[in-house]
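Heads up: the structure comes next, in structure tokens.
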Amino acid sequence: MVAVAARTSRVTGRRFRSVTLGALGLFGFALALEIAPRVGVVPIDFAPPTSQILVSLGELVGEASFWTALVDTLRTWALGLCIALVAGVVIGVLLGSLPFVRAATATTIEFLRPIPSVALIPLVIVLYGPTVKSTLVLVVYAAFWQVLIQVVHGVADVDPVARDTALAFRLSPWARVRYVVWPTSLPYVITGFRLAASVALILTITGELVIGSPGIGKEIDNAQQSNAVRTVYALIVVTGILGVLANLLTRFVERRVLSWHPSTRGEEVTPA
Amino acid sequence: MLEVKNLHKVYDGHGRRVTAVGDLTFSVPEGQFACVVGPSGCGKTTLLRVLAGLLPATSGEVLVQRTPVTAPPPGLAVVFQEYGRSLFPWLRVRENVELPLKAQGMARSDRGALAAEALAAVGLSDAHGAYPWQLSGGMQQRVAIARAIAYQPRVLLMDEPFAAVDAQTRADLEDLVRSVWQRFGVTLLFVTHDIDEAVYLGQRVIVLSASPTTVAQDLTIDLPAERDQLTTRSDARFTELRGQVYAQIQKVKAPA
Amino acid sequence: MRLVSRVLLLIGLPVVLLATWWFGSAGSEDFYRPSLSSIMDAFVRTWTWDMFVQQVFPSLWRLLVGYVIAVALGVALGGLIGTYRSVRSLLEPVLEFLRAFPPPVLVPAAILLSGIGDRTKILVIVFGCVWPVLLNTIEGVRGRDEVLSDTCRSYGITGTLRLRHLVLRAASPQIMTGARQALPLAIILMVISEMMAANDGLGFTVLQFQRGFQIPEMWSGVLLLGVIGIVLSLLFRLAERSLLGWYHGQRAGQREW
Ligand SMILES: Nc1ncnc2c1ncn2[C@@H]1O[C@H](COP(=O)(O)OP(=O)(O)O)[C@@H](O)[C@H]1O
Ligand SMILES: [Mg+2]
């Protein structure tokens with residue numbers, strides 16, 4: 001092991017060091033959360049140590065109801081994300097390519113976008129009750145704006161020369177979207193997808209927690225109501241793992257889709 | 001006063017070893033205007049960064065005002081090659097010039113007076129309230145020079161300051177640097193890759209070889225102190241000196 | 001003429017939409033979808049000054065305190081972590097993990113830990129909003145121009161002057177990006193923490209209306225939440241414009257080339 005490390009170049013040495021440090025950080029973090037309740041920094045009844053959380057997590061994994069809830073959550077999340085993505089891209093391309101429509105809708109969008117999606121919670125409860133549909137409305141509403149804004153920016157970013165070239169060669173509107181607008185906007189779409197994915201997960205869990213539609217969030221609420229403290233924490237850890245997986249997934253998609261793309265675009269300033 | 005003794009610098013990192021400076025020895029006496037010329041990539045910026053105390057030498061020694069450089073020495077100002085990026089975009093021109101003085105704990109009124117004087121010296125009195133990015137490249141470079149002047153350095157280092165400005169602005173700025181040097185009496189080390197510029201500006205031209213870098217030639221420029229873009233550049237002596245430097249550079253580029 | 005068409009473009013659609021809502025819902029018999037006029041009536045009736053003092057201001061206060069603490073904490077920690085490479089390596093995976101939590105799950109945990117008082121809600125907002133600020137600040141601090149760092153070293157700009165004029169300012173566009181991402185999160189957390197655990201506040205009140213089948217009042221509360229979201233985002237934009245004037249000016253200039 002040591003011999004291998006010594007033979008590799010400095011770059012890998014640094015890499016090795018940072019991975020080691022990172023693992024150390026994670027370990028230290030878990031250790032701190034293990035020790036803090038045990039020595040009484042936080043009340044052990046309400047903040048169980050890591051080991052106990054892991055034990056309840058193990059128990060959860062053995063229960064069928066946990067897996068049902070997990071699938072429910074994933075389904076709501078994926079469905080909401082898909083709807084938001086399709087709607088955001090279609091409407092965004094339309095808005096972006098038709099200056100008049102864009103100008104006419106600008107104010108409306110400016111006003112609708114900052115409306116917090118959670119304001120809709122009482123509405124969807126009375127309209128649809130504690131169903132997946134209620135939560136979906138929240139998810140789609142919140143994620144849609146993320147996609148839309150990025151796509152509109154992306155379409156606006158199309159090189160005027162490329163646009164004129166396409167016009168000069170009398171490409172059909174469809175061909176213009178396909179060969180000029182779409183490739184330019186793609187990085188923006190992906191950014192929108194990434195932002196939307198994390199927002200959608202947040203709203204999925206929120207809906208389940210507050211509205212009570214089926215899923216992990218509802219399980220957390222149930223566990224809290226029945227004072228099953230360790231289960232609450234175990235489920236929270238599950239949502240964290242979901243979040244990490246969502247990040248990994250979006251990064252993977254980003255790399256796959258944009259591998260051919262010349263621009264390795266940095267983080268655009270995103271009006272979230 | 002600057003001294004460089006057997007300076008050797010190797011960049012080592014990212015799996016690549018680059019010898020940027022081979023073995024450099026020279027010194028610049030108090031108050032001299034010395035130009036350093038050399039082909040691109042021969043280590044001019046590296047030399048300047050070592051002198052400015054921004055980069056440790058691999059071996060050898062540099063002294064500024066007889067003190068070995070281990071950190072940025074006091075009384076030394078640098079005008080960076082990337083002048084645009086060396087100005088704080090969130091500060092106005094006057095604030096950019098004043099910031100180093102503020103760091104020295106100078107009183108507000110003294111700072112203001114010095115900054116105004118420096119900006120006047122570079123012909124930018126009107127632009128003090130602008131942001132750097134509202135100015136042209138040449139004007140930004142003047143701001144960087146004004147900041148250096150206001151700092152009242154004993155030693156001034158300039159790294160290819162005019163590489164990115166147009167020819168007319170460049171001529172103006174060259175004369176500006178000459179007048180600043182004459183007026184403030186600093187020791188000036190001016191790095192350039194332009195032979196004409198070096199001969200026109202300096203009292204002395206140090207020609208560096210391509211890497212591993214050494215001093216290839218050390219030439220005294222015996223042109224009159226009063227210089228002028230038109231007459232000096234058409235002077236026979238200027239042409240002759242320029243020819244010497246040019247020949248030397250051709251020689252170091254293609255070693256026998 | 002140009003002016004008229006511009007104004008029409010700006011307000012045309014909102015006016016059409018509102019009018020559609022107003023007339024479309026006029027005389028509505030649907031219990032859950034009352035007419036806009038009755039919602040407006042309820043709005044005026046419900047959101048009196050007293051109501052603001054008792055329900056709205058406490059919410060906004062918690063939002064403000066939590067948000068400000070989150071931003072300050074994010075900037076301070078981000079500045080620290082961004083400056084030291086080994087601290088960054090040590091903490092990055094932990095931060096990635098913590099950031100990945102959907103913040104609303106904090107609410108049940110915070111209720112377990114500290115009851116349903118103000119402290120819980122502020123805690124939730126801080127813990128949920130700190131990550132975007134923190135991570136963006138780290139990026140900003142890392143990404144600053146090394147020529148500027150060299151300038152500071154050469155000209156003896158150190159200490160707090162360096163912190164103020166280099167470290168924080170250079171990172172301020174990213175800090176603002178983080179703060180902008182954190183703002184909707186803060187509102188979400190404020191509302192749902194009040195929905196899940198409170199006996200006052202906007203989220204609580206609106207949900208009470210829903211539970212009591214006071215439907216027009218509930219709709220008016222939804223409207224008020226929307227208005228608050230819009231106002232906060234406008235305020236944020238004003239703040240950003242004055243803080244980042246240099247940044248937008250610089251970028252606009254670069255685009256012209
Ligand atoms: N930070 C660095 N890391 C590695 N190599 C460098 C670094 N800076 C410069 N070099 C290398 O050192 C040599 C000299 O660079 P520099 O001093 O910038 O030359 P000049 O200013 O004369 O053009 C070049 O080959 C360059 O690639
Ligand atoms: Mg250079």
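The values are calculated or read from the model by the stated rules, or taken from the named source; none is laboratory data. Nothing here was measured: the structure is a model prediction, and the numbers come from that model. Methodologically, a virtual Cβ is constructed for each residue, glycine included, from the backbone with ideal geometry; neighbour enumeration extends over all protein chains shown.
Data table
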item	result
Unmet criterion (only one of (1) crowded, with 18+ Cβ neighbours inside 10 Å; (2) in contact with a strand residue (DSSP E or B) (Cβ under 7 Å, 6 or more places away or on another chain)) for residue B:53	(2)
Whichever residue in the range A:29-53 is outside any loop (DSSP other than H, G, I, E, B) and touching a residue at least 24 places away in the same chain (Cβ under 8 Å) and, among such residues, is farthest from residue C:95 (Cα to Cα)	A:52
Single condition residue B:144 does not satisfy, out of (1) assigned to a helix (DSSP H, G or I); (2) away from ligand 2 (no atom under 16 Å from the Cβ); (3) of a type in the set (A, V, I, L, M, F, W, C)	(2)
Qualifying residue in the range B:180-198 (condition: assigned to a loop (DSSP other than H, G, I, E, B), within 16 Å of ligand 2 (Cβ to nearest atom) and within 14 Å of chain C (Cβ to nearest Cβ))	no
The listed residue being away from ligand 1 (no atom under 14 Å from the Cβ) and within 13 Å of another protein chain (Cβ to nearest Cβ), out of B:68, B:73	B:73
Selection status of residue B:127, aliphatic (A, V, I, L, M) and more than 14 Å from every other protein chain (Cβ to nearest Cβ)	yes
Options A:234, A:228; residue that is surrounded by 24 or more Cβ atoms within 10 Å (Cβ to Cβ), more than 8 Å from every other protein chain (Cβ to nearest Cβ) and either within 15 Å of residue C:196 (Cα to Cα) or hydrophobic (A, V, I, L, M, F, W, C) (or both)	A:234
Looking only at the range C:134-187, and only at residues there that are of a type in the set (Lys, Arg) and farther than 30 Å from residue A:119 by Cα, the one that is modelled with the highest pLDDT	C:153
Any chance residue C:62 is basic (Lys, Arg) and in contact (Cβ under 8 Å) with a residue 40 or more places away in the chain	yes
In the range B:147-175, residue farthest from the other protein chains (Cβ to nearest Cβ) [restricted to those that are within 16 Å of ligand 2 (Cβ to nearest atom) and among the charged types (D, E, K, R)]	B:160
Test: residue in the range C:67-74 that is within 23 Å of residue C:235 (Cα to Cα), within 14 Å of chain A (Cβ to nearest Cβ) and touching a residue at least 24 places away in the same chain (Cβ under 8 Å)	yes
Residues located in the range B:147-170, provided they are assigned to a helix (DSSP H, G or I) and closer than 11 Å to residue B:78 by Cβ	B:147, B:148
Segments classed as helices (runs of 4 or more DSSP H), wholly inside the range C:180-257, with at least 3 members that are small (Gly, Ala, Ser)	C:215-243, C:245-256
Residue tally, condition on the phi > 0 side of the Ramachandran plot and more than 7 Å from ligand 1 (Cβ to nearest atom), over the range B:39-58	1
Helices (runs of 4 or more DSSP H) contained entirely in the range A:76-164, each with at least 2 residues that are buried (at least 24 other Cβ atoms within 10 Å of the Cβ)	A:121-128, A:132-156
Subset of the range B:65-95 that is basic (Lys, Arg) and away from ligand 2 (no atom under 16 Å from the Cβ) - its residue that is surrounded by the most Cβ atoms within 10 Å (Cβ to Cβ)	B:94
One residue from A:117, A:172, A:185 being within 13 Å of another protein chain (Cβ to nearest Cβ) and hydroxyl-bearing (Ser, Thr, Tyr)	A:117
Total residues in the range B:40-64, condition within 9 Å of ligand 2 (Cβ to nearest atom), more than 14 Å from every other protein chain (Cβ to nearest Cβ) and either under 18 Å from residue C:155 (Cβ atoms) or in contact with a His (Cβ under 8 Å, 6 or more places away or on another chain) (or both)	2
Output for the range C:2-19, where each listed residue is more than 12 Å from every other protein chain (Cβ to nearest Cβ) and within 17 Å of residue A:107 (Cα to Cα)	C:3, C:4, C:19
Of all residues making up the range B:165-179, the number that are touching a residue at least 40 places away in the same chain (Cβ under 8 Å) and either within 15 Å of ligand 1 (Cβ to nearest atom) or in contact with an Asp or Glu (Cβ under 9 Å, 6 or more places away or on another chain) (or both)	2
Residue B:37 modelled with pLDDT under 95 and either within 16 Å of ligand 2 (Cβ to nearest atom) or in contact with a helix residue (DSSP H, G or I) (Cβ under 8 Å, 6 or more places away or on another chain) (or both)	yes
Hits in the range C:160-190 (condition: without any contact (Cβ under 8 Å) to a residue 60 or more places away in the chain and within 10 Å of chain A (Cβ to nearest Cβ))	C:174, C:177, C:181, C:184
Qualifying position, being in contact with a helix residue (DSSP H, G or I) (Cβ under 9 Å, 6 or more places away or on another chain), within 16 Å of ligand 1 (Cβ to nearest atom) and assigned to a helix (DSSP H, G or I), among B:111, B:85	B:85
Checklist (1) hydrophobic (A, V, I, L, M, F, W, C); (2) in contact with a helix residue (DSSP H, G or I) (Cβ under 7 Å, 6 or more places away or on another chain); (3) more than 10 Å from chain A (Cβ to nearest Cβ) applied to residue C:111, failing item	(3)
Odd one out for residue B:182, checked against (1) polar (S, T, N, Q); (2) within 21 Å of residue B:30 (Cβ to Cβ); (3) in contact (Cβ under 8 Å) with a residue 60 or more places away in the chain	(3)
Residues within the range B:8-25 that are away from chain A (no Cβ under 14 Å), more than 9 Å from ligand 1 (Cβ to nearest atom) and farther than 16 Å from residue B:216 by Cβ, tallied	1
Tally of residues being in contact (Cβ under 8 Å) with a residue 40 or more places away in the chain and in a helix (DSSP H, G or I) across the range B:114-141	6
